[in-house]
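Novice: Take a look at this one; I'll ask things after.
Here, each number is a calculation from the coordinates, and none is a lab measurement. What you see is a predicted model, and the numbers here were worked out from it, not measured in a lab.
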Amino acid sequence: MHPPVTRLLRLEGLSVLVVAVTGYASLSGSWLLFGILFLAPDLAMLGYVRGPRLGAAVYNAGHAYLAPAVLGLAGWWGGYSLAVHLAVIWTAHIGFDRLLGYGLKLPTGFRDTHLGTLGQGRSSPG
């Protein structure tokens, strides 16, 4: 991926992370819960045990903004603050991953993402 686009997408991830953490602070959520669950979406990597196609599908289900958005809206609408807190933690995780260059996975392998290939050139994390 072209480096200026990659930088823009990483900055977008940073902005999502900052907004999510700020939002979580305004909700007065438990920081212990935040710390415990922040990396929980990475359990979706276990899908790769069954191969790259299923791994990518499971990983992407846990790393797309759609699921936490639905959870957060349902929690807000239904008055379930825990659901809103979980959705914000989940969103923060996704923003953090995008900041580091971990994008949605392609079915060709874990290193192939919508942000580029992990570990190659300027699109690699870190």
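Novice: I'd like the distance between the alpha-carbon centres of segment 8-22 and segment 61-80, rounded to an integer number of Å.
Specialist: About 18 Å separates the Cα centre of segment 8-22 from the one of segment 61-80.
Novice: So for the chain, averaging the separation of alpha carbon pairs under 8 Å that are six or more residues apart and normalising by length, what relative contact order in percent results?
Specialist: Reported relative contact order: 33 percent.
Novice: Given (1) 7.3; (2) 7.7; (3) 9.4 as candidate values of mean projected area of the Cα convex hull in nm², which corresponds to the one derived from the coordinates?
Specialist: (2)
Novice: Quick one: 3J(HN,Hα) in Hz for segment 17-30, Karplus 6.51/-1.76/1.60 with θ = phi - 60°, rounded, Gly and Pro as x.
Specialist: Once θ is set to phi - 60°, the couplings for segment 17-30 become 4, 5, 5, 5, 5, 5, x, 4, 4, 6, 7, 6, x, 6 Hz.
Novice: Relative to the first principal axis of the alpha-carbon coordinates of the chain, what is the inclination of helix 81-100, with its axis defined by its Cα atoms, in degrees from 0 to 90 and to the nearest 10?
Specialist: 20
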